[in-house]
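Undergrad: After the structure tokens below, expect a handful of questions from me.
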Amino acid sequence: MSPTTEVSQIYDTILILDFGSQYTHLIARRIRELGVYCELLACTTKLSEIKFKPKGLILSGSPYSVYDHDAPHMDPAYWSLDIPKLGICYGLQEIAHTRGGQVLPCDKREYGHAEISVQASDSKLFAGLPAKLKVWMSHGDQLAKVPSGFRAVANTSTSPFTAIDCEAERIYGIQFHPEVTHTPLGSQLLKNFVIGICNASSNWTMSDFIEKEIQRIRNIVGPTAQVVGAVSGGVDSTIAAKLMSMAIGDRFHAILVDNGVMRLNECQDTKMILEEKLKINLTVAQASDLFLGRLKGITDPESKRKIIGNTFIEVFESEAHRIEQEVEHQGKGKIEFLLQGTLYPDVIESISFKGPSATIKTHHNVGGLLDDMKLKLIEPLRELFKDEVRALGKVLEIDDELVWRHPFPGPGIAIRILGEVTPSQVAIARQADYIYIDEIKKAGLYRKISQAYAALLPVRSVGVMGDKRTYEQVIALRAVETRDFMTADWFEFPYDVLKRISSRIINEVQGVNRVVYDVSSKPPATIEWE
Ligand code: XMP
């Protein structure tokens, strides 16, 4: 994967070197919110590997101490780049350590809220900010001596050098974290740096992005090549597909695979939106029977995932080959590209510097698509965070309903039907899920919840219906609130909403006589039941 992208050659770009802090991606988020484009690269990236000239450089925090024998250090070549540099936490210590200052362990680790006093009233970094500032700290080391040429700009009661600068070389360092919301004026400070000091243009808007991205796609694809891509009805694949079709029209071929484990009416609804509303050149591959046939008798969750993933590749490839023959027969260009809706967090995840506290994440995405067709990847959303994709969707006038859709796993409701996936189990799970989401929407709670679904449990319990004893299945409702899906809290429903959901599911879904609500957080539970 190339560490740089062409977008950074089009927009003024702030480069963030990641030393492994858990907050680094937030620096990128805050800067993008200022309308300034930025990219995050591992701190081990050499200057010679970068194909653009950044307007400014930010060194992130890190779980390391600069004096650790295995501590990461920046390629010294960056020092000769005549651009402003800002060190945050470890970044400040890296500046001090390299430039002849002194970094020592604190008597006591400083963690949490703190108040700093800005003593240098002419500081460009703190311009317009009050002399006393609430900030968030998280560090075990601090500056004991300022490097030569630098001055102290701010302090706390325990540390004389909470911020330093060297105006002659435009180098700045702060011990606290401006990127977290616990530093209320942190965005203003970052704005002072990226716009005030680096002079970066604030032109990163989604309407501007669309225009430039369409041009970029046209340049990459050229006048005749064809592109294929899988769509699911989810926000990322739909928006990526819309951009492709705006750029190259029917030379983009979207493929929707009906795997038999999508939600109620999902395949028809997606087809209608993509084809009729968004005018995307779409093929639906009906493969429900194939998928359900292969899932027969399978109860192990990982086996279900494998079967669905592999069958998906098979169906998609065969559809792509069919399209390829068709377009070749018509004398049109060859299929040369595969569209993928990769987002920036996945890119960050794959290129970030992994410090000792690196988060453990399992990857769910299907790999290996079209290896034999030797297609080149095209990823129009690769530089975007999820909220930027949503903003893009709004500019493209895509329905709010789709733009704000909860994520849905590739293996669909197959991993929400515990035990064997049969057509009758699919019908029960689909209906219960439909009612659940419908009531959530009616209660105006859909956007408050990050993800919600109904799981069908492989147990039966006793109930009564009229004067008859029943022995039927259980639906477990799951709803979570989360920012990143790595940790999640269960959602606190008002009781009346739960009551309506439960009563509708039990009355309307045949085969279910009990509904339970899952009150487990992640960790230790996961969001999906399988
Ligand atoms: P867990 O269950 O790991 O889920 O807490 C975190 C997020 O990942 C989604 N998920 C999947 N997505 N294929 C996918 O495309 C999968 O196999 C898969 N398993 C979990 C889950 O829906 C949640 O958003």
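Undergrad: What does the chain give for Rg and for Dmax, in Å, if only its C-alpha atoms count?
TA: 26.5, 88
Undergrad: Order these peptides, 299-308, 332-341, by their mean beta-carbon neighbour count within 10 angstrom, highest first.
TA: 332-341, 299-308
Undergrad: Here's another thing I want to ask about it. Just want the answer: with Cβ charges of +1 for Lys and Arg and -1 for Asp and Glu, which residue in 327, 350, 282 is farthest toward the dipole's positive end in region 280-356?
TA: 350
Undergrad: If you place +1 on the Cβ of every Lys and Arg and -1 on the Cβ of every Asp and Glu, how big does the dipole about the Cα centre of region 1-121 come out, in debye to the nearest 20?
TA: Rounded to the nearest 20 debye, it is 200 debye.
Undergrad: Rank 90, 153, 139 by how far each Cα sits towards the positive end of the charge dipole of region 69-224 (+1 on Lys, Arg Cβ; -1 on Asp, Glu Cβ) and give me just the farthest.
TA: The residue sitting most towards the positive pole is 153.
Undergrad: Now for a different question. Over region 415-530, what is the percentage of antiparallel beta bridges among all DSSP beta bridges, to the nearest 5?
TA: 75
Undergrad: Sticking with this structure for a sec: Using the heavy atoms of the protein chains and a 1.4 angstrom probe, tell me the accessible area per residue for region 225-356 in square angstrom.
TA: 42
Undergrad: If you don't mind, another one. 222 nm [θ] for the chain, helices only, -39500 (n - 2.57) per DSSP H run of 4+, per residue, to 500?
TA: So the calculated ellipticity at 222 nm is -9000 deg cm²/dmol.
Undergrad: In terms of modelled amide H atoms, which long-range or inter-chain residues lie less than 5 Å from the amide H of residue 232?
TA: Sorted by chain and number, the residues that satisfy this are 237, 238.
Undergrad: So if I place +1 on the C-beta of Lys and Arg and -1 on the C-beta of Asp and Glu, and nothing else carries charge, what would the dipole magnitude of the chain be about its Cα centre? I want it in debye, nearest 20.
TA: Dipole about the Cα centre, nearest 20: 660 debye.
Undergrad: Which helices of the chain meet both criteria: a Cα extent of 15 Å or more along the helical axis and a mean Kyte-Doolittle score no lower than 0.5, with helices taken as whole DSSP H segments?
TA: Helices meeting the criterion: 235-248.
Undergrad: Output the relative contact order of the chain, whole-number percent, from Cα pairs under 8 angstrom with separation of 6+ residues.
TA: Once normalised by length, the contact order is 11 percent.
Undergrad: Would you kindly calculate the translational diffusion coefficient of region 413-478, applying Stokes-Einstein with the Kirkwood radius from alpha carbon pairs, for 4 °C and a viscosity of 1.567 mPa s, and quote it in µm² s⁻¹ without decimals?
TA: 99
Undergrad: Past 29 Å, Cα to Cα, is the threshold; run 55/277; 242/441; 441/522 against it and keep the listed order.
TA: Distance filter (> 29 Å) returns 55/277.
Undergrad: Per residue, how large is the accessible surface of region 81-183? Use a 1.4 angstrom probe and give square angstrom.
TA: 42
Undergrad: Related question: Across region 107-206, what fraction of all alpha-carbon pairs, as a whole percent, falls in each successive 5 Å bin from zero upward?
TA: P(r) over region 107-206, rounded to whole percents: 3, 13, 23, 25, 19, 10, 4, 2, 1, 0.
Undergrad: As I understand it, the dipole of the chain uses +1 on the Cβ of Lys and Arg and -1 on the Cβ of Asp and Glu, about the Cα centre. Which of 247, 380, 186 lies farthest toward its positive end?
TA: 186
Undergrad: Report for region 1-134 the percent antiparallel among DSSP-assigned beta bridges with both residues inside it, nearest 5.
TA: Here the share of antiparallel DSSP bridges comes out near 20 percent.
Undergrad: For region 103-176 and region 214-270, what is the centre-to-centre distance using only Cα atoms, to the nearest Å?
TA: 49
Undergrad: Leaving ligands, DNA and RNA out of it, report the carbon-plus-sulfur percent of the accessible area of the chain at a 1.4 Å probe.
TA: So the carbon and sulfur contribution to the accessible surface is 51 percent.
The values are calculated or read from the model by the stated rules, or taken from the named source; none is laboratory data. Since the model is a prediction, treat every value here as computed from it, not as a measurement. Cβ sites come from the backbone with ideal geometry, for glycine too, and all protein chains shown count toward neighbours. Heavy atoms of the whole protein, side chains included, go into the accessibility calculation; ligands, DNA and RNA do not. Shrake-Rupley method; radii C 1.70, N 1.55, O 1.52, S 1.80 Å.
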